[in-house]
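Visitor: Provided herewith is a single structure, encoded as structure tokens, for subsequent inquiry.
The values are calculated or read from the model by the stated rules, or taken from the named source; none is laboratory data. Predicted model only: the values in this text are computed from it and were never measured. Glycine also receives a Cβ, built like all others from the backbone with ideal geometry; neighbour counts cover every protein chain displayed.
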Amino acid sequence: MAAAAAAAAAVGKRVLDTGWFAARSTEVALTGEQLTTTDPPAADPEPTAPWMLAAVPGTVLGTLLKNKLIPDPFYGLNNESIIDITKSGREHYTFWFFTAFKCAPVCSYKLIFRARVVNSSVPCQCMLHVVQ
């Protein structure tokens with residue numbers, strides 16, 4: 001990933017693949033505005049419940065695996081013990097993903113956020129809070 005970050009920086013872009021947290025949406029009582037302004041997830045040095053380190057780029061299952069909350073689906077028949085969304089309901093696999101980053105001021109105040117792959121079954125929101 002370091003090579004990707006260096007290549008992006010060379011053309012004035014930033015790769016946001018580190019410093020992400022995730023939490024099941026049903027366990028977070030805050031709105032997106034509150035998360036991005038007054039109540040961001042605490043992380044010193046590890047996030048506090050319900051937040052966990054997120055696998056980005058990745059998926060909700062990848063994040064659950066990273067945090068040892070599901071068994072490794074590539075080992076034996078472990079994949080059969082992972083709850084299917086048709087049995088658990090969407091809420092079980094609906095997560096907030098959060099990160100914070102700083103941008104150096106530039107002459108253009110335009111910020112473009114590009115998500116390469118997003119699960120097409122859920123909406124994606126990008127909430128920005130500008131700190132001056």
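Visitor: Name the residues in the range 46-61 that are surrounded by 14 or more Cβ atoms within 10 Å (Cβ to Cβ) and either more than 11 Å from the chain's Cα centre (by Cα) or among the polar types (S, T, N, Q) (or both), would you?
Guide: P47, P50, T59, L61
Visitor: Determine whether the range 58-73 contains at least one residue that is under 23 Å from T26 (Cβ atoms), part of a loop (DSSP other than H, G, I, E, B), at pLDDT below 70 and among the polar types (S, T, N, Q).
Guide: Checked the range 58-73: no residue is under 23 Å from T26 (Cβ atoms), part of a loop (DSSP other than H, G, I, E, B), at pLDDT below 70 and among the polar types (S, T, N, Q).
Visitor: Just a yes or no: is a residue in the range 14-34 out of contact with any Ser or Thr (no Cβ under 6 Å at 6 or more places or on another chain), free of Cβ contacts under 8 Å to residues at least 12 places away in the same chain, over 25 Å from L61 (Cα atoms) and part of a loop (DSSP other than H, G, I, E, B)?
Guide: No.
Visitor: Suppose the filter is of a type in the set (A, V, I, L, M) and in contact with a Phe, Trp or Tyr (Cβ under 9 Å, 6 or more places away or on another chain); does A49 pass it?
Guide: It is false that A49 is of a type in the set (A, V, I, L, M) and in contact with a Phe, Trp or Tyr (Cβ under 9 Å, 6 or more places away or on another chain).
Visitor: Restricting to the range 57-92, count the residues that are over 18 Å from W20 (Cβ atoms) and either in contact with a strand residue (DSSP E or B) (Cβ under 7 Å, 6 or more places away or on another chain) or in contact (Cβ under 8 Å) with a residue 60 or more places away in the chain (or both).
Guide: Residues meeting the conditions: 2.
Visitor: Taking the range 12-40 as the region of interest, how many residues are of a type in the set (V, I, T) and surrounded by 14 or more Cβ atoms within 10 Å (Cβ to Cβ)?
Guide: Total satisfying the criteria: 3.
Visitor: Of all residues in the range 62-87, how many are surrounded by 10 or more Cβ atoms within 10 Å (Cβ to Cβ) and under 18 Å from the mean Cα position of the chain (by Cα)?
Guide: Qualifying residue count for the region: 8.
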